[in-house]
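Colleague: Pasting a structure below so you can have a look.
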Amino acid sequence: MTGEDELRELRQAMPPTAPSNASVVWDQFSRSWGKEFPSDYCRFIDVYGYGSIGNYLEVLKPEPKGTVSENSDMANETETAREAWSRVRKAPELAETRPELITWGGDASADLLCWDASDEDPGKWPVLVYNRDDGLWRRYDCGMVQFLVRVLRGRELDECPLGDLSLWGREPAVFLNRHEEERRWKAGLDPWTGEPDPYAGMFGN
């Protein structure tokens, strides 16, 4: 399956709700990390941007390596993952491995979703998940977009890899990038239901 096929599947499982809120110069971004990034991830950011799936799973803001962010996005969460790797037990398939972790997502269960960026070919980077409830790292031999499709369809995985079943087999799912979520909030709407919310927008600028 090509990257375009995977993105088409994701569009079916999670139709975009707004234009991307990210404008990434990928050559500069890649240079800051010292490696190219998977094409499926780049396409995801170009189409969807960064934000939340179902108000549960957060796709982090793409940040150059070394960025200090109050929002604890990619750069900060990568450091968190690397620290967790050193002290958290691993599933058998990860025994004796030394992955080069880069974090691309997290969720309301405090799980971390990463790549093992060790391979020179970013198309071969598997997804590594730290499931905090289980206290365990696991590897999933697919890319970021395919991983999301499998979670939303509840297929091709033995069990939900995340600490909550909110997104498991829940297509069609809703993705709101942070700009769209904020726009709905300021308009007086619950961002996730679209219904008027008397508390929405109360604390906007």
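The values are calculated or read from the model by the stated rules, or taken from the named source; none is laboratory data. Note that the structure is a prediction, hence the values are computed from the model and not measured. Methodologically, a virtual Cβ is constructed for each residue, glycine included, from the backbone with ideal geometry; neighbour enumeration extends over all protein chains shown.
Colleague: Taking segment 110-138 on its own, how many of its residues are touching a residue at least 24 places away in the same chain (Cβ under 8 Å), within 19 Å of the chain's Cα centre (by Cα) and either under 14 Å from Thr78 (Cβ atoms) or loosely packed, with under 13 Cβ neighbours inside 10 Å (or both)?
Modeller: Number satisfying all stated conditions: 11.
Colleague: If you don't mind, another one. All but one of (1) over 15 Å from the mean Cα position of the chain (by Cα); (2) among the charged types (D, E, K, R); (3) closer than 22 Å to Lys61 by Cα hold for Asp107; state the number of the condition that does not hold.
Modeller: (1)
Colleague: Those residues that are among the hydrophobic types (A, V, I, L, M, F, W, C), in contact (Cβ under 8 Å) with a residue 24 or more places away in the chain and in a helix (DSSP H, G or I), I need them from segment 14-34; list them, please. Can you show your working first?
Modeller: Step one: list which residues in segment 14-34 are among the hydrophobic types (A, V, I, L, M, F, W, C), which gives 14, 18, 22, 24-26, 29, 33.
Among the residues that remain, those that are also in contact (Cβ under 8 Å) with a residue 24 or more places away in the chain are: 14, 18, 22, 24, 29, 33.
Correct list: Phe29, Trp33.
Colleague: Consider Arg11 against the criteria (1) at pLDDT below 95; (2) out of contact with any Cys (no Cβ under 9 Å at 6 or more places or on another chain); (3) outside any loop (DSSP other than H, G, I, E, B); (4) charged (D, E, K, R): it satisfies all of them except one. Which criterion is unmet?
Modeller: Checking Arg11 against (1) at pLDDT below 95; (2) out of contact with any Cys (no Cβ under 9 Å at 6 or more places or on another chain); (3) outside any loop (DSSP other than H, G, I, E, B); (4) charged (D, E, K, R), the one that fails is (1).
Colleague: Still on this structure, please answer the following. Among the residues of segment 54-89 satisfying the criterion of being out of contact with any Ser or Thr (no Cβ under 9 Å at 6 or more places or on another chain) and in contact (Cβ under 8 Å) with a residue 24 or more places away in the chain, which is nearest to Glu182 (Cα to Cα)?
Modeller: Looking at the filtered set, the residue picked out is Pro62.
Colleague: Another one. What are the pairs, 6+ residues apart or on separate chains, where a residue within segment 35-52 that is touching a residue at least 60 places away in the same chain (Cβ under 8 Å) and of a type in the set (Phe, Trp, Tyr) has its Cβ under 7 Å from a residue that is buried (at least 20 other Cβ atoms within 10 Å of the Cβ) and in a loop (DSSP other than H, G, I, E, B)?
Modeller: Sorted first by the residue in segment 35-52, then by its partner, the pairs are Tyr50/Leu60; Tyr50/Lys61; Tyr50/Pro62.
Colleague: Out of everything in segment 148-205 that is polar (S, T, N, Q) and in contact with a Gly (Cβ under 9 Å, 6 or more places away or on another chain), what residue ends up being surrounded by the most Cβ atoms within 10 Å (Cβ to Cβ)? Give the steps one after another, and end with the answer.
Modeller: At the first step, the residues of segment 148-205 found to be polar (S, T, N, Q) are 166, 177, 193, 205.
With in contact with a Gly (Cβ under 9 Å, 6 or more places away or on another chain) added as a condition, the list becomes 166, 177.
Numbers: Ser166: 18, Asn177: 23.
The qualifying residue surrounded by the most Cβ atoms within 10 Å (Cβ to Cβ) is Asn177.
Colleague: When segment 3-31 is examined, which residues are found to be over 16 Å from Met144 (Cα atoms), surrounded by 14 or more Cβ atoms within 10 Å (Cβ to Cβ) and of a type outside the set (A, V, I, L, M, F, W, C)?
Modeller: Matches in segment 3-31: Pro16, Thr17, Ser20, Asn21, Ser30.
Colleague: Can you find a residue that is at pLDDT below 95, out of contact with any His (no Cβ under 6 Å at 6 or more places or on another chain) and crowded, with 21+ Cβ neighbours inside 10 Å anywhere in segment 36-52?
Modeller: no
Colleague: Under the condition of being touching a helix residue (DSSP H, G or I) at 6+ places or on another chain (Cβ under 7 Å) and either more than 12 Å from Asn55 (Cβ to Cβ) or part of a helix (DSSP H, G or I) (or both), which residue from segment 171-203 is modelled with the highest pLDDT? Before you say what the answer is, go through the steps one by one.
Modeller: The initial filter retains those residues of segment 171-203 that are touching a helix residue (DSSP H, G or I) at 6+ places or on another chain (Cβ under 7 Å), namely 171-173, 191, 200-201.
Within this subset, residues satisfying the condition of being either more than 12 Å from Asn55 (Cβ to Cβ) or part of a helix (DSSP H, G or I) (or both) are 171-172, 200-201.
Working: Glu171: 91, Pro172: 94, Ala200: 70, Gly201: 63.
Per the criteria, the residue is Pro172.
Colleague: Return the residues of segment 161-170 that are farther than 14 Å from Glu58 by Cα and either outside any loop (DSSP other than H, G, I, E, B) or in contact (Cβ under 8 Å) with a residue 24 or more places away in the chain (or both); say none if nothing qualifies.
Modeller: Our first condition is that a residue be farther than 14 Å from Glu58 by Cα; within segment 161-170, this holds for 161, 165, 168-170.
Across segment 161-170, the qualifying residues are Pro161, Arg170.
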